[in-house]
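Student: The structure that follows is given in the form of structure tokens.
The values are calculated or read from the model by the stated rules, or taken from the named source; none is laboratory data. Small disclaimer: the values here were computed from a predicted structure and weren't measured. Note: ideal-geometry Cβ built from the backbone for every residue, glycine included; neighbour counts use all protein chains shown.
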């Protein structure tokens, strides 16, 4: 039971990624595909953050040793646990995945913006944002490419 | 006989910082280009930035040849805490390849861009191009797995938009760019997932540290999944068959500036990164690694070489022929690497460089012709040789090299591949290379027949010889195709050093 | 199995509840045919995941996800469906078998790996024990910023952040190339015709915009003390200007903050960041080694009171380095977000027609 | 004393969440746009206010309480405006209430409005 609960997040993240990927590969609508892509990328972030969680940890912002917050944090915890896994008497969550995912989120929004801008231009050029309709129009054009020139 | 040890040595202070300057140079140039007032100034900045990067790459190559791999700790923090650049023989070879392709493309863009993109956009186009270049250079020099992702995205985001601006000539550039974006992003995201798994297993992102820790870790489901995600993710980016769906569209409809640059570098840098992971990061003895090479990589590469060559034979649009040919050649490069011997890897890397050179020549020549000729189909290029003899000659040099005609670089490349395959006892790989070469001959023959031996139908628009600014880099590259075919010591040294760096300790 | 302290359990339950909510929302996005609904659901998805991130102690990430995922992404998506004039997806999937197989394959691999991953919150897992812990120990001594995430982001992995700023810059260029040029870009769009009935909105917007800008500055300069930093601040700053455009019309905003200027600021931000790196190099350090930001001779001349606590004096370079590069990030992010907004909002229906005719 | 404050604070938080829950039910069950906006903004203002008040009481007189007060202030500033703008926009685009004084409209006028007028 405990194993399932403590691995639930990985399974949930896997399903979320699949939901995003499924939308990307199966939907014909360009905008919907971008939404799927955004979900796929966001879920990747959730995987990293799961890896960086430390039980009873706090956000990686240094807590002053003398502050009341530190006392409050320490009150709930097993001193042996704090001594083994804490830094200067406080247990923190791992900051590295947070940094990586900050980067990934920003990269995600950059991709989203460029993708949607292209989708808007596709709509202007083809009159549609449905991939299958655009494909038909493109095929037609390929078949007669150059003949109008 | 040119030797890199004696070729060039920059000032020591410059050499010490060359790895990061090679990336920061184009990055800074990109900002300046975006700020510059006119199209002309932005072009000059672009050329300057690219040349600076090439200069730095040359300095690094000399340094690596003399003293071995170069390390650079960014921010002064030693890995694994900080991000470190690590450039060995392979990285130096790739850096030199990317930056010289950048120089050629940027010089070429001075004239070609004017025909393809509205002048007011030029400053931004050059900025995006420089960012793309900076991204690829960062990718080949970084020693940090996550940093590689960031640079992969820097180069990709610029490339997506640049492919899309091909819409001025052909609106099909837009869906092609969209497709490229979707596939590219899926690839990059899968790569990130793979890195996440490796991080979960080892707690580090530095490639050297990863390698050391993975060696002690043994097999686990997490490491295997990480391997699979990384390889599939980079496989998409490298247009590895059957994940190459984005490539023909992107190469067919993008403006020449970006197509020639991407054709020479984009898939190659992803192959580089993949090879880094397969041979360097993952432990040599890992069963899944060997199984993957033997049962997945090599068969897929062989299929690509055959199937896409056949596809290229049946395509009607000239740039699509070249694009499918690229997928096939990626297959040949991977076949060389999959031999996993020094000889095989050096043949694969030699082929990689040769292919970059010949594809760049071909796309440049076609782009030069397309300035005056609003045509895409092969039939429309009928008899072009009479109107534009220089462009056609350059095209012929590239095409013959692609087909592997003797006295060209392509011949040597194919020969070494055959040799390496036979040496490793992999007869079927040698057979695949031979069959793929024959198929190449078919579509190259079709293209050359149309351009040289057919006459243009009456009333068809006639091509005009490309302007000198376009023609000069094309002819230089065409000349290199022949020159290296006669004296291949330069690419041979690079490929040999790269293979040694990649397979340290292999037979 | 490690012995888990009891306090994890409340967090664990909340975390699982939020993940279930995420699953439900994701399912709804997959099912719905309405694009508008999908966008709003995506916004909800981002917001719920931001809450989950807070539960997982990732305050900075949660902040970013909230402003970027739920804020900017939603605005851009809404702009896109406005411009593509397709609020409803065409019924029917393109194909189901192949996508389902692809997803099943990837999902199977993910779950195969998940079984081997360390339990949630395992303090001894390799991920938490190796480099992550090293940062926690080293950063207070070497960098001096209380927020370790900022220390790692801006200093240890500052090069990643430079790359990320370049990605944002590239996205701004990309959107400008796609949407920002053309016949419609030079003349300003027509003044907005907002009726008098939006008087509440206008009055409160006048009040809110300076407050939002102030908050952005707070987030910016508070970044090394608590959650926040250049990215979040940049987005918030852009939000203040976007609010102005939404309420008072794009024309007025573009007159106050011209698109050309905005695009230049984006480039200047990256330039500032890279410039700090080069400055460190010129002073004898490595690229982005802020300890060398100021030449040693210069540092000796600075009066002691300015350096503050002598114990922390050696963090001076790090402190100012982080401040400067965060400023670069702020400039680029704010300007790029605005460029993206201008790109989508400026492309009015008239402009499209004009471009087609041209 | 502190315990007492914490207890009252806890009660406030619970009451606030309950109010939010009721608001969510209203959002789902109410018949038209306006009543739903009403339910949603009650959640935002009333529910959030109670939760924040409760948290203030638990935190005691500290910097945290001040920050919470700022949060409350900005919520009070934004959500009513947002609700107002939403209702305005809904009205502008032709939505008419299904209950209340506006319901008494002539049948022809009801037919003219494009969306959301017909009684279930």
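Student: Let me confirm something: among D:108, D:44, D:32, which residue is under 19 Å from the mean Cα position of the chain (by Cα) and modelled with pLDDT under 85? Write out each step before concluding.
Tutor: Numbers: D:108 fails: under 19 Å from the mean Cα position of the chain (by Cα); D:32 fails: modelled with pLDDT under 85.
Among D:108, D:44, D:32, only D:44 is under 19 Å from the mean Cα position of the chain (by Cα) and modelled with pLDDT under 85.
Student: Right, something else. Would you pick out the residues in the range B:294-328 that are buried (at least 18 other Cβ atoms within 10 Å of the Cβ) and closer than 30 Å to residue B:220 by Cβ?
Tutor: B:297, B:298, B:300, B:301
Student: It is to be established whether one or more residues within the range B:91-109 are over 13 Å from the mean Cα position of the chain (by Cα), in contact (Cβ under 8 Å) with a residue 12 or more places away in the chain, buried (at least 24 other Cβ atoms within 10 Å of the Cβ) and over 30 Å from residue B:490 (Cα atoms).
Tutor: no
Student: Regarding the range B:18-32, can at least one residue be identified that is more than 17 Å from residue B:154 (Cα to Cα), touching a residue at least 40 places away in the same chain (Cβ under 8 Å) and either within 22 Å of the chain's Cα centre (by Cα) or not in a helix (DSSP H, G or I) (or both)?
Tutor: So far as the range B:18-32 goes, yes, one or more of its residues are more than 17 Å from residue B:154 (Cα to Cα), touching a residue at least 40 places away in the same chain (Cβ under 8 Å) and either within 22 Å of the chain's Cα centre (by Cα) or not in a helix (DSSP H, G or I) (or both).
Student: Taking into account only those residues within the range B:150-183 that are over 16 Å from residue A:131 (Cβ atoms) and surrounded by fewer than 24 Cβ atoms within 10 Å (Cβ to Cβ), which is nearest to the other protein chains (Cβ to nearest Cβ)?
Tutor: Checked the range B:150-183; the qualifying residue nearest to the other protein chains (Cβ to nearest Cβ) is B:170.
Student: So residue B:212 passes all but one of these: (1) within 8 Å of another protein chain (Cβ to nearest Cβ); (2) over 23 Å from the mean Cα position of the chain (by Cα); (3) assigned to a helix (DSSP H, G or I); (4) surrounded by fewer than 24 Cβ atoms within 10 Å (Cβ to Cβ). Which condition number does it fail?
Tutor: Checking residue B:212 against (1) within 8 Å of another protein chain (Cβ to nearest Cβ); (2) over 23 Å from the mean Cα position of the chain (by Cα); (3) assigned to a helix (DSSP H, G or I); (4) surrounded by fewer than 24 Cβ atoms within 10 Å (Cβ to Cβ), the one that fails is (1).
Student: Can you pull out the residues in the range B:442-470 that are under 17 Å from residue B:370 (Cβ atoms) and surrounded by 21 or more Cβ atoms within 10 Å (Cβ to Cβ)?
Tutor: Those that are under 17 Å from residue B:370 (Cβ atoms) and surrounded by 21 or more Cβ atoms within 10 Å (Cβ to Cβ): B:447, B:451, B:463, B:466, B:470.
Student: Right, next: Give the number of residues within the range B:184-200 that are over 26 Å from the mean Cα position of the chain (by Cα) and facing chain C (nearest Cβ under 8 Å).
Tutor: 3
Matching residues to (1) modelled with pLDDT of 90 or more; (2) within 24 Å of residue C:328 (Cα to Cα); (3) touching a helix residue (DSSP H, G or I) at 6+ places or on another chain (Cβ under 9 Å):
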| site | (1), (2), (3) |
| --- | --- |
| C:273 | yes, yes, yes |
| C:276 | yes, yes, yes |
| C:289 | no, yes, yes |
| C:293 | no, yes, yes |
| C:304 | no, no, yes |
| C:311 | no, no, no |
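Student: May I ask you to list the residues in the range C:279-291 that are more than 7 Å from chain B (Cβ to nearest Cβ) and closer than 18 Å to residue B:83 by Cβ?
Tutor: Narrowing the range C:279-291 to residues more than 7 Å from chain B (Cβ to nearest Cβ): C:279-280, C:282-284, C:290.
Matches in the range C:279-291: C:280, C:290.
Student: For the range A:79-149, list the helices (runs of 4 or more DSSP H) that sit wholly inside it and hold at least 1 residues that are modelled with pLDDT of 90 or more and out of contact with any strand residue (DSSP E or B) (no Cβ under 6 Å at 6 or more places or on another chain); which are they?
Tutor: In the range A:79-149, A:95-126 are the helices (runs of 4 or more DSSP H) which contain 1 or more residues that are modelled with pLDDT of 90 or more and out of contact with any strand residue (DSSP E or B) (no Cβ under 6 Å at 6 or more places or on another chain).
Student: How many residues does the range C:138-160 hold that are facing chain B (nearest Cβ under 10 Å), in a helix (DSSP H, G or I) and either under 18 Å from residue B:203 (Cβ atoms) or in contact with a strand residue (DSSP E or B) (Cβ under 6 Å, 6 or more places away or on another chain) (or both)?
Tutor: Total meeting the criteria: 5.
Student: Identify, from the list C:172, C:223, C:180, the residue that is modelled with pLDDT under 90, surrounded by 20 or more Cβ atoms within 10 Å (Cβ to Cβ) and either under 27 Å from residue C:60 (Cα atoms) or facing another protein chain (nearest Cβ under 7 Å) (or both).
Tutor: On the way: C:172 fails: modelled with pLDDT under 90; C:180 fails: either under 27 Å from residue C:60 (Cα atoms) or facing another protein chain (nearest Cβ under 7 Å) (or both).
C:223 is the lone residue from the list that is modelled with pLDDT under 90, surrounded by 20 or more Cβ atoms within 10 Å (Cβ to Cβ) and either under 27 Å from residue C:60 (Cα atoms) or facing another protein chain (nearest Cβ under 7 Å) (or both).
Student: Another one. Does the range B:434-460 hold any residues that are in contact with a helix residue (DSSP H, G or I) (Cβ under 8 Å, 6 or more places away or on another chain) and over 30 Å from residue B:415 (Cβ atoms), and which are they? Walk me through it before giving the result.
Tutor: In the first step, residues of the range B:434-460 are kept if they are in contact with a helix residue (DSSP H, G or I) (Cβ under 8 Å, 6 or more places away or on another chain); the result is B:434-437, B:439-448, B:450-452, B:455-456, B:460.
Within the range B:434-460, B:455, B:456, B:460 meet the criteria.
Student: Shifting gears a bit: Of the residues B:326, B:270, B:309, which is within 23 Å of residue B:86 (Cβ to Cβ) and in a helix (DSSP H, G or I)?
Tutor: None of the others qualify; the one that does is B:270.
Student: Follow-up question, since we're still on this one. For residue B:203, all conditions in the list (1) within 21 Å of the chain's Cα centre (by Cα); (2) within 12 Å of chain C (Cβ to nearest Cβ); (3) farther than 20 Å from residue B:232 by Cα hold save one; what is the number of the exception?
Tutor: Failed condition: (1).
Student: Could you list, in sequence order, the residues of the range A:1-26 that are modelled with pLDDT under 90, farther than 21 Å from residue B:222 by Cα and at the interface with another protein chain (Cβ under 7 Å from one of its Cβ atoms)?
Tutor: A:25, A:26 - these are the residues of the range A:1-26 that are modelled with pLDDT under 90, farther than 21 Å from residue B:222 by Cα and at the interface with another protein chain (Cβ under 7 Å from one of its Cβ atoms).
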